[in-house]
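Take a look at the structure set out below.
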């Protein structure tokens, strides 16, 4: 039997754009000493009342506009009742029946280059819980309520995803978007961006959904892919062996590459949702939406289209350059400094630059080579001061902090040899030294030309102009009599 996976993601985005918590004035800085950022509201002391922060509402409106969703101009906060040791109130303030954002969509690019639209059911505001610390307390657990009350935006997709690869593509698109909008830093290691994956399988062609499981709190793209693939395989094997899938919440263990049962999956009625009596409905008028819309940056899809249309960037490069706002800004700053060859600049960024960033495990904001320095390098290649091959050596020098491109070229004597008389002497010498290869070339073996070019480049440490060498070699070799 052929099986089909049905996947939906619930993405929890911590709104790091907000200077205080969702319902209190306590700070939200990451890494502060335990319980140093917990106000009476966060501690759920008797008599305290929540007061809604305006910033998270604007962040939700931004996201809604960016995913072409509906903005509910009258949304309700509800109490979601459940027990966690690090949830002092015994309930979480969230949104249920009337979320602030609903019916949006995200377009992803599949591995074959095709595009697929993924529906976004809703995005709602809620407060985060605290954190339980099981380390360093013997057989006891420490509770840190610094995170309690931090504003979250939960983005819930339709079950439109059909593979782990599609799920990761969608997750990366949302990750890029919230960073473009500057509503979250998207730091997965710090818990600013995490997701739950709902996974089920069904016979291909069947319309009815299978029983789903939820893989909880996954905080890396790689682990999301591995968890979903493991869960798909587990469910198929279970059904084919005569068992049945139980609706439950599961934990992904990255060390063992497996999912494990945590608890039976709750339904909405288990949480006993009811409107929070301490909070008024959130009313958003047209002017507020208009004002927020005016603050939106150029979004990834629009940027990709512009890079292709205006700068003739290859579609795959444009998509990579627009994958983060910082990378796109770097590229455009470099092009602004030397705008004659934008595709060449793109090639250096997507190749040499990103390769070094990935190897060093750092972001573009930590890059030691400025956009202007990269533009200087591309300029020296374009005007034939150096070759592209020498350019890599120059780039390495800039990366190590040895100066700008021209400074490194001058200090290391890397200028390209373009003097015709000097090049002609080199060509004549290499032809004279290799009569057997000359005969092979004259006999029709065109590829042997690369041998001659390589010999000259080796003698000049890559400083000879390869275009001129090729032309001179062909001209000189053509003068030899045919064997």
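Computed from the coordinates by the stated procedures, all read-outs in this text should not be read as laboratory data. Keep in mind the model is a prediction, meaning the values are calculated, not measured.
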Problem - Global form of region 327-483, assessed from the alpha-carbon gyration tensor, a/c cut-off 1.5 - result: prolate
Exercise for the section: Bin width 5 Å, alpha-carbon pairs only: give the P(r) of region 6-85 as whole percents, running from 0 to the bin holding the largest distance. Expected result: 3, 11, 16, 22, 21, 14, 9, 4, 1, 0
Problem - Kirkwood hydrodynamic radius of the chain, Cα pairs, Å - result: 26.7 Å
Practice task
Run through every distinct alpha carbon pair of region 1-141 and return the Kirkwood hydrodynamic radius in angstroms, one decimal place.
Solution key: 17.8 Å
Exercise for the section: Could you give me the radius of gyration and the Dmax of region 374-464, taking only the C-alpha atoms into account and expressing both in angstrom? Expected result: 15.9, 50
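Volume per residue, Å³, of the convex hull around the alpha-carbon atoms of region 167-308?
Here the figure is 214 Å³ per residue.
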Practice task
Distance between Cα centroids, region 308-378 to region 175-247: provide it in whole Å.
Solution key: 33 Å
Completion exercise
For region 314-405 (alpha-carbon point model, no solvent) the Debye-based log₁₀ I(q)/I(0) at q = 0.15, 0.21 Å⁻¹ works out to -0.50, -1.04
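Please express the shape of region 112-229 as an equivalent ellipsoid: the semi-axes are the square roots of 5 times the eigenvalues of the C-alpha gyration tensor, given largest first in whole angstrom.
Three semi-axes, in Å: 30, 19, 14.
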Completion exercise
Inverse of <1/r> over all distinct C-alpha pairs of region 163-244, i.e. the Kirkwood Rh in Å, gives 14.0 Å
Problem - Extension reserve of the residue 140-residue 453 stretch, reckoned as 0.36 nm per residue once the Cα distance is removed - result: 105.5 nm
